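Heads up, the thing below is written out as structure tokens.
The values are calculated or read from the model by the stated rules, or taken from the named source; none is laboratory data. Predicted, not measured: the structure shown is a model, and the values here were computed from it. Cβ coordinates were reconstructed from backbone atoms using ideal geometry, including for glycine residues, and neighbour counts include every protein chain displayed. Surface areas here come from the heavy atoms of the whole protein model, side chains and all, with no ligands, DNA or RNA. Shrake-Rupley method; radii C 1.70, N 1.55, O 1.52, S 1.80 Å.
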Amino acid sequence: MKLAISIVIPFHNEELSLRILIPHLIKELKKINKFTKAEVLLVDDCSSDNSLKYCKKFKKKFIKLIKLKKRSGQSGALKEGFIKAKYQYILRMDADLQDDVRYLSKFIKTAIKKNPDLIIGYRVKRNHNKVLVLASKIYDLIINIILRSNYYTLSSSYIVFKKKYLNLKRWMKNDHRYLPAIAISNGAKRVYYIKAKHIKRKFGVSKYNTIPKMIFGLPELIFFLLRLKFGFYKKYKN
């Protein structure tokens with residue numbers, strides 16, 4: 001029996017990265033075709049370069065292109081992709097080449113063997129600035145206290161979810177940062193980790209890791225924790 005999985009990749013002005021990512025992704029999917037049935041959802045977050053034009057070249061049965069009508073950031077792009085994903089397992093990854101497609105087979109094999117609720121690609125030797133790395137560690141500490149748990153990390157861009165644990169109807173701005181915690185609060189218990197090398201960005205700069213993220217990060221986290229504590233993400237039905 002094949003594992004069915006939806007791969008959701010949001011992008012904004014990532015033409016140069018997509019020119020490398022998509023062919024490599026197709027190559028990896030062909031390698032695991034015998035035990036995987038996959039769809040790829042490329043979500044264009046209002047790119048102004050030729051990203052969309054390039055992606056249209058690959059539009060086929062298992063590659064779908066979603067164009068957002070207005071700029072929505074990672075949360076909005078991922079939400080649209082997750083809603084349209086047709087399989088119970090969803091893998092989210094970034095388009096900037098920092099999430100290595102060569103680890104895709106490890107995600108798939110782990111999903112087949114373990115029947116997980118959540119697989120987190122633990123980023124080895126992160127190529128982010130030290131402030132972001134420290135912020136992630138502080139976040140993990142706080143979340144473990146709130147959830148009364150001891151997870152190694154719940155912050156990553158390279159993750160596999162079971163769709164039923166994500167409340168897609170109640171999803172606030174920037175909630176994409178907290179999806180593992182939301183899934184666990186909704187009953188995801190079988191959590192596994194995969195070590196995945198974090199690659200240095202080759203082209204351009206991040207479209208989402210901006211200064212406002214650092215300025216408003218703490219109050220945003222506080223409001224998220226309050227929503228989580230008071231059950232905002234409960235009573236879901238996908």
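Odds and ends about this structure:
- Listed by position, the helices (runs of 4 or more DSSP H) contained in the range 1-91 that have at least 2 residues being touching a residue at least 60 places away in the same chain (Cβ under 8 Å), surrounded by 19 or more Cβ atoms within 10 Å (Cβ to Cβ) and touching a helix residue (DSSP H, G or I) at 6+ places or on another chain (Cβ under 7 Å) are 15-31, 73-84.
- Residues (under 24 Å from residue 103 (Cβ atoms), aliphatic (A, V, I, L, M) and at pLDDT 85 or above) located in the range 118-142: 118, 119, 120
- Within the range 178-194, being within 15 Å of the chain's Cα centre (by Cα) and surrounded by fewer than 20 Cβ atoms within 10 Å (Cβ to Cβ) holds for 193, 194.
- Subset of the range 134-166 that is in a loop (DSSP other than H, G, I, E, B) and more than 20 Å from residue 93 (Cα to Cα) - its residue that is most open to solvent (accessible area, probe 1.4 Å): 148
- Subset tally (residues that are under 25 Å from residue 81 (Cα atoms), open to solvent by 50 Å² or more (accessible area, probe 1.4 Å), modelled with pLDDT under 85 and not in a loop (DSSP other than H, G, I, E, B)) for the range 213-238: 1
- Boolean, residue 163 is modelled with pLDDT of 85 or more and basic (Lys, Arg): yes
- Options 147, 154: the member that is at pLDDT below 90, of a type outside the set (Lys, Arg) and in contact with a Pro (Cβ under 6 Å, 6 or more places away or on another chain): 154
- Per the conditions (1) at pLDDT 85 or above; (2) part of a loop (DSSP other than H, G, I, E, B); (3) closer than 22 Å to residue 76 by Cβ, the sole criterion not satisfied by residue 179 is (2).
- Test: residue in the range 198-210 that is at pLDDT 85 or above, surrounded by fewer than 18 Cβ atoms within 10 Å (Cβ to Cβ) and not polar (S, T, N, Q): no
- Residues being among the small types (Gly, Ala, Ser), open to solvent by less than 10 Å² (accessible area, probe 1.4 Å) and not in a loop (DSSP other than H, G, I, E, B) - total across the range 92-110: 0
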